[in-house]
Structure formats: C-alpha cells, structure tokens
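Engineer: Following this message is one structure expressed as structure tokens.
The values are calculated or read from the model by the stated rules, or taken from the named source; none is laboratory data. These numbers were taken from a predicted model, which means no experiment stands behind them. Cβ sites come from the backbone with ideal geometry, for glycine too, and all protein chains shown count toward neighbours.
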Amino acid sequence: MPNPFSTCSAVARRFSLRAMLYRVLSGGLFLVLAGCQSGSETTSLSGTFKAPPVPQTELTDYLAMRCSDLLQMRTRETSATENPLYWAAFISCARQTEPNTARVIASRWAESGWYDTLRSAIMLSRSLPENTVRQRYLNQVFLVHKEIPASVVPLFNMWWDNEQLALKLATQQNQYAQLKNSTDQELETLRQQQQLLHQQLETTTRKLENLTDIERQLSTRKAGGVYTPDTGAGHSGTSHSSGSASGQSGSDGEETP
C-alpha cells in the first residue's frame with residue numbers, strides 16, 4: 001500500500017518546479033524586451049534620446065513621367081541607366097512615337113556610352129527601318145551589350161529577341177517580294193509568247209482557208225467544162241476531120257454513074 005505522505009510530497013515538488021520554470025521564462029522575456037528598448041534609446045545625463053532616423057533615397061517614378069519629358073532626358077546617372085523602370089518607360093514611349101519623329105530623336109544622342117547606343121537603337125526600331133539600317137544598329141548594340149548592367153539585362157534580352165524576330169520577318173518579306181517580282185516577269189513573258197503564237201495561228205488559219213477556197217473554185221470549173229487548158233489542139237483536130245470527110249465524098253461521086 002503506497003504511502004500518502006510520499007504522494008503529496010511528489011505533487012508539491014511538481015508544482016514548485018512549474019512555478020520556478022514560469023519565473024525563469026518570465027524573467028528571460030523581460031530581459032529581451034529590455035534589451036530591445038535599450039537598443040533603440042540611449043541614456044545620458046541630460047535625458048533619453050532616440051536613435052537618428054535612416055535617410056531615405058527618393059526614387060523617380062519614370063513610368064509616371066510624360067513621354068515628351070522622358071525622351072528629352074540625356075541623363076547618364078546610374079540611378080536612371082541602371083533602373084529597369086527607366087528603360088521600360090523609354091521603350092513604351094518609343095512605341096508611341098511617330099516614325100519620322102523617332103528618327104529625329106535618335107539622331108540627337110552621341111554614342112558616348114552603352115546607354116546612348118541603346119537609346120538610339122530603341123528609337124530607330126520605331127522608325128520603320130530597312131533591313132540594312134536595322135542590321136547596322138543591332139551590330140552597334142551588340143558591341144556594347146556586355147557593358148549593360150545586370151539589372152537591365154532581362155529587359156534588354158526581351159527587346160533584343162523582338163528585334164531579331166522583326167529582322168527575320170523583314171528578310172523573309174523581301175525574299176517573297178523578289179520571288180513574286182520574278183514570277184510576275186516570267187508570267188508576263190509567257191503571256192506575250194502566247195499572244196504571239198495566237199496571232200501566228202490566226203494568220204496560218206486564214207492562209208489555209210484562202211487555199212481551200214481557191215481549190216474549191218478550180219474543182220467547180222473543171223466539173224462544168226468551162227475550163228479548156230489546150231485550145232490549139234482542138235481546132236487542128238476539127239479541120240483534119242473535115243478534109244477527110246470531103247475526100248470521101250469525092251470518091252463516092254466518082255463511082256456514081
């Protein structure tokens with residue numbers, strides 16, 4: 001049979017351990033809170049002072065700028081040239097620009113760095129360039145593409161891929177136009193040859209019809225006896241027959257008593 005006094009003492013020890021653990025945890029939490037508060041405030045003889053605020057850098061919202069202002073900017077500051085939002089806004093404004101205006105704006109930038117080369121290329125891509133012009137500014141961008149910051153590279157790759165597709169499409173369109181032009185010329189030559197052959201056929205057909213009419217007329221004349229090819233031979237034969245008849249009559253008259 002268990003001793004009731006030992007059971008009560010065990011329960012009392014458990015409660016005392018729980019109370020002690022609670023006090024330790026409460027004290028630790030108080031120390032943590034006190035450390036956080038002491039980290040944010042400094043105490044001196046004149047009183048309590050707060051830590052100085054961290055200065056905040058103001059970022060320009062390029063997406064909210066007007067395109068007329070953005071396209072006039074010639075900034076070389078890294079806060080703009082390394083900001084993907086600046087280039088996203090620049091590409092968007094370039095797409096809204098008229099081709100002739102884009103060509104004029106592109107000529108304003110001197111190629112003093114990768115950013116000016118890229119700006120000029122973006123504007124020229126909107127000017128409806130020929131394949132030679134597009135290939136030229138893409139070659140210029142390719143020479144400086146390693147200088148483009150990593151923050152701008154993803155946006156640059158999208159623009160570059162789009163330009164490559166546009167160049168490929170324009171090349172295929174030129175090839176199709178050349179092929180169509182060559183085919184049209186061949187068709188025109190064949191049409192002229194067909195027209196000449198048709199004229200020759202009509203001429204030959206008329207000649208055959210004329211020969212057929214002449215042959216029919218000759219056949220009709222021969223059948224009616226009108227056609228006498230040898231007239232002299234016919235008259236000599238008739239005279240000879242008359243002389244023979246006269247001689248025969250004389251001979252008969254001599255025998256008659």
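Engineer: May I ask you to list the residues in the range 74-93 that are over 31 Å from the mean Cα position of the chain (by Cα) and under 16 Å from A121 (Cα atoms)?
Structural biologist: Result: R74, single match.
Engineer: Here is a follow-up. Considering the range 146-204 alone, what residues qualify as being more than 30 Å from L128 (Cβ to Cβ) and in contact with a helix residue (DSSP H, G or I) (Cβ under 7 Å, 6 or more places away or on another chain)?
Structural biologist: Scanning the range 146-204 gives a single hit, S151.
Engineer: Is it the case that the range 188-204 has a residue that's surrounded by 10 or more Cβ atoms within 10 Å (Cβ to Cβ), under 19 Å from Y86 (Cβ atoms) and either aromatic (F, W, Y) or at pLDDT 90 or above (or both)?
Structural biologist: no
Engineer: Got a sec? Which of P154, P129 is surrounded by 13 or more Cβ atoms within 10 Å (Cβ to Cβ) and on the phi < 0 side of the Ramachandran plot?
Structural biologist: After applying the criteria, what remains is P129.
Engineer: Then there is this: List, please: which pairs have Cβ atoms under 6 Å, are six or more places apart or on different chains, and start with a residue in the range 73-101 that is over 11 Å from Y62 (Cα atoms) and end with one that is of a type outside the set (A, V, I, L, M, F, W, C)?
Structural biologist: As it stands, the answer is T81/Y115; E82/P149; E82/S151; A94/R126; T97/R126; P99/S127, since those pairs meet every condition given.
Engineer: Quick check: anything in the range 106-126 part of a loop (DSSP other than H, G, I, E, B), under 25 Å from R74 (Cβ atoms) and under 21 Å from the mean Cα position of the chain (by Cα)?
Structural biologist: The answer is yes, given that some residue of the range 106-126 is part of a loop (DSSP other than H, G, I, E, B), under 25 Å from R74 (Cβ atoms) and under 21 Å from the mean Cα position of the chain (by Cα).
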